[in-house]
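To start, the structure under review is shown below, and the notes come after it.
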Amino acid sequence: MTDFSTDQAAGRRYTVNLSILFTELPLLERPAAAAAAGFTAAELWWPWIDAPEPPSAERDALKGAFEDAGVRLTGLNFYAGRLPGPDRGALSLPGEESERFRANIAAAADFAGSLGCGALNALYGNRVDGTDPAEQDAIALTNLQLAARAADRIGAVLLIEALNRAESPRYPLASAPAAIEVVDRVNAETGLGNARFLMDLYHLAMNGEDLPTVIDRYTPRTGHVQIADNPGRGAPGTGSLPLADLLRRLDKAGYGGWIGLEYKPGDGPSAAAFDWLPPADRAAR
Ligand SMILES: O=C(O)C(=O)CO
């Protein structure tokens, strides 16, 4: 088992993605389960995949579940359509989906802000047959500016993520440079400077990118990192990625943000998917 122990993890802050881990539990029970596993921080995809503006009672219940568990919400995806499912975002889709994304902007920012969440992830959306990519990109730029302003309102960064081609073949941001280009375009349009790259090492590895080069080149414009091993998108140590070395490289590159654990728990319960990380290193300092 690769050594992720304290001398290497000192100062690192881990956050558990409760949309891919602990999903065997009802949503409202997941923050407490993460706390029971030793974590003090968690992140989420948009939890209400059919509702860009969920009932306030549901939002209040989820907020209470985080607060009661003593778990910080560190990252939240905007409404992204059916995810888990075939969709990979709504902000670049014409018509109703773009309107649903716009309706979600305030709801997501308000919910995130109510929990002190500092990062909002705006998945770009899949290409749509019969729609000009340039039209989708124009819709995306307008919506990303609105999202960046909402993120700024709560003191958060806006994240732009590259996904892997194999599992998201219609998603246009399939490389670090492609995501960085959008980050730069949004920052140029808004002047806010709060758009950042979401460096998901699993997706980038699946695309065959040279991860040390990505880390060395893009850490300064990175607002969040997510990890899973490859192949398999499982816990560190279940694949062949040198994740301990890559995290050390991120340390040396000056990355001090959250490290999102966005991986599949495997055959066992999610609570058993953290043996690679000493319990003493799970709580954010
Ligand atoms: O769909 C995925 O794989 C994601 O990482 C969503 O944030």
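The values are calculated or read from the model by the stated rules, or taken from the named source; none is laboratory data. Treat the numbers as computed from the prediction; the structure is a model and nothing was measured. All Cβ positions, glycine included, derive from the backbone under ideal geometry; neighbour counts span all protein chains shown.
Among (1) within 12 Å of the ligand (Cβ to nearest atom); (2) within 29 Å of residue 70 (Cβ to Cβ); (3) surrounded by fewer than 23 Cβ atoms within 10 Å (Cβ to Cβ), which single condition is residue 85 missing?
The one condition residue 85 does not meet is (2).
If you scan segment 158-188, which residues turn out to be within 11 Å of the ligand (Cβ to nearest atom) and touching an Asp or Glu at 6+ places or on another chain (Cβ under 8 Å)?
Within segment 158-188, 161, 162, 163 meet the criteria.
From the residues in segment 116-128 that are within 16 Å of the ligand (Cβ to nearest atom) and under 17 Å from residue 87 (Cα atoms), which one is farthest from the chain's Cα centre (by Cα)?
Of segment 116-128, the ones within 16 Å of the ligand (Cβ to nearest atom) are 117, 119-127.
From what's left, under 17 Å from residue 87 (Cα atoms): 121-127.
Working: 121: 6, 122: 9, 123: 9, 124: 12, 125: 14, 126: 17, 127: 20 Å.
Step by step, filter segment 116-128, then rank; the result is 127.
The rows are residues; the columns are (1) aliphatic (A, V, I, L, M); (2) assigned to a loop (DSSP other than H, G, I, E, B); (3) within 16 Å of the ligand (Cβ to nearest atom).
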position	(1), (2), (3)
232	no, yes, yes
239	no, yes, yes
248	no, no, no
251	no, no, no
254	no, yes, no
263	no, yes, yes
266	no, yes, no
271	yes, no, no
275	no, yes, no
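Of the residues 75, 113, which single one is within 27 Å of residue 259 (Cβ to Cβ), out of contact with any helix residue (DSSP H, G or I) (no Cβ under 8 Å at 6 or more places or on another chain) and buried (at least 17 other Cβ atoms within 10 Å of the Cβ)?
The match here is 75.
Going through 30, 59, 100 one at a time, which residue ends up being of a type in the set (D, E, K, R), surrounded by 14 or more Cβ atoms within 10 Å (Cβ to Cβ) and in contact with a strand residue (DSSP E or B) (Cβ under 8 Å, 6 or more places away or on another chain)?
Being of a type in the set (D, E, K, R), surrounded by 14 or more Cβ atoms within 10 Å (Cβ to Cβ) and in contact with a strand residue (DSSP E or B) (Cβ under 8 Å, 6 or more places away or on another chain) holds for just one of 30, 59, 100, which is 30.
Of everything in segment 5-24, what is modelled with pLDDT of 95 or more, part of a loop (DSSP other than H, G, I, E, B) and crowded, with 17+ Cβ neighbours inside 10 Å? Give them in sequence order.
18, 19, 20, 21, 22
Let me spell it out: the conditions are (1) farther than 15 Å from residue 164 by Cα; (2) part of a loop (DSSP other than H, G, I, E, B); (3) free of Cβ contacts under 8 Å to residues at least 12 places away in the same chain, and residue 213 meets all of them except one. Which number is the exception?
Failed condition: (2).
Suppose we filter segment 38-77 for residues that are part of a loop (DSSP other than H, G, I, E, B), of a type in the set (D, E, K, R) and modelled with pLDDT of 95 or more; how many remain?
Pass one, segment 38-77, residues part of a loop (DSSP other than H, G, I, E, B): 38-40, 45-55, 70-71.
From the residues that got through so far, the ones that are of a type in the set (D, E, K, R) too are 50, 53.
If we keep only those that are modelled with pLDDT of 95 or more as well, we get 53.
Going through segment 38-77 one residue at a time, the tally reaches 1.
Is it fair to say residue 219 is β-branched (Val, Ile, Thr) and not in a helix (DSSP H, G or I)?
Taking the combined requirement at face value, the residue does not satisfy it.
Pick out the one residue from 131, 142 that is free of Cβ contacts under 8 Å to residues at least 12 places away in the same chain, among the polar types (S, T, N, Q) and away from the ligand (no atom under 16 Å from the Cβ). Don't jump to the end; show me each part of the working.
Values: 131 fails: free of Cβ contacts under 8 Å to residues at least 12 places away in the same chain.
None of the others qualify; the one that does is 142.
Return yes or no: is residue 119 in contact (Cβ under 8 Å) with a residue 60 or more places away in the chain and farther than 28 Å from residue 230 by Cβ?
no
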